Amino acid sequence: MKIGVIGAGQLGRMLALSGYPLNHQFGFTTKSNNEPSSMLGLVFNENECQNSAESIMNFADVVTYESENTDVEIIRNISKNVKVFPSEKSLFISQHRCREKKLFDSLNIPCAPNQKVNSLNDLRLALNNIGFPAILKTATNGYDGKGQFVIHSDSQIDKAWDSMNGVESILEGFVSFKRELSLIAVRGIDNDHKYYPLVENIHHNGILRKTIAPANRIDHNIQDIAEKYMRKILDELDHVGVLTIEFFETDKGLLVNEIAPRVHNSGHWTIDGATTSQFENHIRAITGMPLGDTTPIHNCCAMVNIIGKTGDTNSVLKMPNTHLHLYNKKERKDRKIGHINVNAGSVDELQKRLSQLKQYLPK
Ligand code: AMP
């Protein structure tokens, strides 16, 4: 099938790399001709064609998107002519933190206390209800911890609101979590569901640095609860494709932080560590193919992001059971330009390998 992808970053690149063996073809909407996906299919450059969305619609049998920040209007228009997965509903809800929280409430899925904030006065009222510390976030367009302000006391309220630049926001109670976990699942057109194991995510300055897969010390009960929440969300959205839930693990159990209607950075380990990768499963789902087995093929896996600088990749290539993935992106501070997948037979072996990747991990 011809698959159109809105966006041409590393996620589109990895979707195409997994889709070619299944005989699919790819087209991407791009902003320039040297994005990570540009060499992996036809490109419809927004600056060169009159209407790149229309061009991709004419090219594709099915359309998908890379980012929850995709314009809903574009997806609505395309879906009048060509199937789009995940559908407009998944996109509309997951691109707005207040809509996400409303969905969690309606499905009885626990999350941090929260309140919509549209003015300084709203913020003061919300802080009266939620208390300190709390975290103020833009309702849309936040990524890698951007558009967030942690408020500890009265004296920070004005500054926090100023930092939002007047955009629609949400105040959340600050969760004192033990770990951050995520669950990735895929739902097919025929309503089949498959789940990867919960993984642990380690962030630094709001950016994901490392994922441990499967997460250590997860009993069946927690995996079951996470899958139950996932299933409710997938079914409510009638979602087709991969969906990710980010969780906070607390003393009182799992709280949902947010969802992403797409393949996720915390699932990159699946390329080399699971029977079927998250990318292949997304492609299988949106093209109506049977879903693939999500079982890990190693006892312990990890993914380390390459951020800012490419570093000494030859030393990585010399490591056993280690796989380098670069995205054809220029080096820039805080930019994700690649990742490394490491597989091991035991936790000790994994730790040993990770200690050889110190150049990529924060001190
Ligand atoms: P987000 O953009 O919502 O994924 O937030 C980025 C990071 O900020 C998360 O990975 C957490 O480390 C932290 N964070 C977000 N929301 C909260 C919260 N309500 N309480 C504590 N930390 C949070």
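Over 26 Å between C-alpha atoms is what I'm after, so list which of Lys194/Lys309; Lys146/Lys363; Lys116/Lys330 land there.
Lys194/Lys309; Lys116/Lys330
What is the magnitude of the charge dipole of region 215-348 about its Cα centre, with +1 placed on the Cβ of each Lys and Arg, -1 on the Cβ of each Asp and Glu, and no other charges, expressed in debye to the nearest 20? Please report the intermediate quantities before stating the final value.
Details: 15 positive and 17 negative charges, 140 e Å.
Using only the charged Cβ atoms, the result is roughly 680 debye.
Taking N as the number of residues in region 179-360, what is its Cα Rg relative to 2.2 N^0.38 Å?
Values: Rg = 16.2 Å, N = 182, 2.2 N^0.38 = 15.9 Å.
My calculation over the Cα atoms of region 179-360 gives 1.02.
Mind pulling the per residue volume of the convex hull built on the Cα atoms of region 132-223? Å³ is fine.
It is 141 Å³ per residue.
Once every Cα of region 113-173 carries one equal point scatterer and solvent is ignored, give the base-10 log of I(q)/I(0) from the Debye formula at q = 0.15, 0.24, 0.25 Å⁻¹, two decimals.
-0.34, -0.91, -1.00
Picking from Ile337, Ala260, Leu40, whose Cα lies most toward the positive end of the charge dipole for the chain (charges on Cβ: Lys, Arg +1; Asp, Glu -1)?
Ile337
Name the residues whose placed amide hydrogens come within less than 5 Å of the amide hydrogen of Leu107, ignoring near sequence neighbours (fewer than 5 apart) on the same chain.
Residues meeting the amide H criterion: none.
At a 10 angstrom cut-off on C-beta neighbours, averaged per residue, how do the peptides 319-326, 224-231 rank from highest to lowest? Mind dumping the intermediate values first?
Numbers: 319-326: 15.4, 224-231: 17.2.
Highest-to-lowest ranking by the protection proxy: 224-231, 319-326.
What is the Å³ per residue value for the convex hull set by the Cα atoms of region 2-84?
80 Å³
Pairs of alpha-carbon atoms within less than 8 angstrom and 6+ residues apart define the contacts here; what relative contact order does the chain have, in percent?
Numbers: 770 pairs, mean separation 50.6, N = 363.
Contact order relative to length: 14 percent.
Once amide H atoms are placed 1.01 Å from N in the peptide plane, what residues at a sequence separation of 5 or more from His204, or on another chain, have their amide H within under 5 Å of its amide H?
Arg209
Give me the extension gain from Met1 to Asn33: residue separation times 0.36 nm, minus the current Cα-Cα distance, reported in nm with one decimal.
Here the answer is 9.2 nm.
Suppose we take every Cα in the chain and form the convex hull; what volume per residue is that in Å³? Write down the numbers at each step before the final one.
Numbers: hull volume 52.3 nm³, N = 363.
Expressed per residue, the convex hull around the Cα atoms of the chain is 144 Å³.
How big is the charge dipole of region 2-84 about its Cα centre, in debye rounded to the nearest 20, if each Lys and Arg gets +1 on its Cβ and each Asp and Glu gets -1 on its Cβ?
It works out to roughly 240 debye.
Using helices alone, what [θ] at 222 nm do you get for the chain, with -39,500 (n - 2.57) per DSSP H run of 4 or more residues, divided over all residues and rounded to the nearest 500? Before the final figure, lay out the partial values.
On the way: 12 runs with 106 residues, N = 363.
That comes out to -8000 deg cm²/dmol.
Going 7 Å from the Cα of His203 in the Cα-to-Cβ direction, what parts of region 158-196 have a backbone nitrogen less than 11 Å from that spot?
Under 11 Å, as judged by backbone N against the label point of His203, lie 175, 180-181 of region 158-196.
For region 300-340, give the magnitude of the charge dipole about the Cα centre (Cβ charges: +1 Lys/Arg, -1 Asp/Glu; no others), in debye to the nearest 20.
With only Lys, Arg, Asp and Glu charged at Cβ, the dipole is about 220 debye.
For Asp105 and Asn69, compute 0.36 nm times the residue count separating them, minus their Cα-Cα distance, and round to one decimal in nm.
Fully extending the segment from Asp105 to Asn69 adds 10.7 nm.
Anyone know which of Tyr143, Tyr196, Tyr65 comes out most mobile in the 10 Å Cα GNM of the chain?
Of Tyr143, Tyr196, Tyr65, the most mobile in the Gaussian network model is Tyr143.
Residue by residue through region 224-231, which ³J(HN,Hα) values in whole Hz follow from phi under the Karplus form 6.51 cos²θ - 1.76 cosθ + 1.60 (θ = phi - 60°), with glycine and proline marked x?
5, 5, 4, 5, 5, 4, 4, 4
Quick one: which residues, 5+ away or cross-chain, put their amide H under 5 Å from the amide H of Ile306? H built at 1.01 Å from N.
When sequence neighbours closer than 5 places are left aside, the close amide H contacts are Ile337, Gly338, His339, Ile340.
Can you list, largest first and rounded to whole Å, the semi-axes you get for region 41-85 by taking the square root of 5 times each eigenvalue of its Cα gyration tensor?
Each semi-axis is √(5λ); the values are 16, 13, 10 Å.
So for each of 125-136, 149-160, 253-264 I average, over its residues, the number of other beta carbons within 10 Å; can you give me the resulting order with the highest mean first?
The peptides rank, most packed first, as 253-264, 125-136, 149-160.
Would you kindly derive the ³J(HN,Hα) couplings of region 292-300 from the backbone phi angles with the Karplus curve 6.51 cos²θ - 1.76 cosθ + 1.60 (θ = phi - 60°), listing them in order in whole Hz, with x for Gly and Pro?
Ordered by residue, 3J(HN,Hα) equals x, 4, 9, 5, x, 9, 9, 5, 9 Hz.
Using 0.36 nm per residue of separation minus the Cα-Cα distance, give me the extension gain between Arg124 and Glu331 in nm, one decimal.
Stretched fully, the Arg124-Glu331 segment lengthens by 70.4 nm.
May I ask you to evaluate 6.51 cos²θ - 1.76 cosθ + 1.60, the Karplus curve with θ = phi - 60°, for each residue of region 159-173 and list the ³J(HN,Hα) values in order in whole Hz, giving x for glycine and proline?
These are the phi-based 3J(HN,Hα) values: 4, 4, 5, 4, 5, 7, 6, x, 7, 3, 9, 9, 9, 10, x Hz.
Computed from the coordinates by the stated procedures, all read-outs in this text should not be read as laboratory data. In this text, all values refer to a predicted model and were calculated from it rather than measured experimentally. All Cβ positions, glycine included, derive from the backbone under ideal geometry; neighbour counts span all protein chains shown.
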